[in-house]
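Visitor: Pasting a structure here, questions to come.
Read-outs throughout are calculated quantities, based only on the coordinates presented, and are distinct from any laboratory measurement. Note that the structure is predicted; figures quoted are calculated from it, not measured.
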Amino acid sequence: MLREFLNDESGASAVEYAFLIAATALALIAVRPQINDKLQNYFLSIASMWP
C-alpha cells in the first residue's frame with residue numbers, strides 16, 4: 001500500500017500547475033510597478049490630447 005502511494009503520480013500535474021501559477025503570480029507582482037508607471041504615462045498622454 002505504501003509503495004502504491006509513493007509510485008502514484010496522478011496528482012503530479014496538479015502540483016505542477018500550482019507551481020506554474022505561483023511562478024506567474026510572482027513574476028506579475030515583480031513587474032507590476034514598471035507596468036503601472038508605463039500605463040499611467042500612456043493614459044496621461046492620451047488624456048492630454050483631449051481639448
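Visitor: On full extension of the chain, what length is gained from Leu6 through Val31, given 0.36 nm per residue of separation minus the C-alpha to C-alpha distance?
Guide: Between Leu6 and Val31, full extension yields 5.2 nm more.
Visitor: Compactness ratio of the chain: Cα Rg over 2.2 N^0.38 Å, N = residue count?
Guide: Working it through for the chain, the quotient is 2.25.
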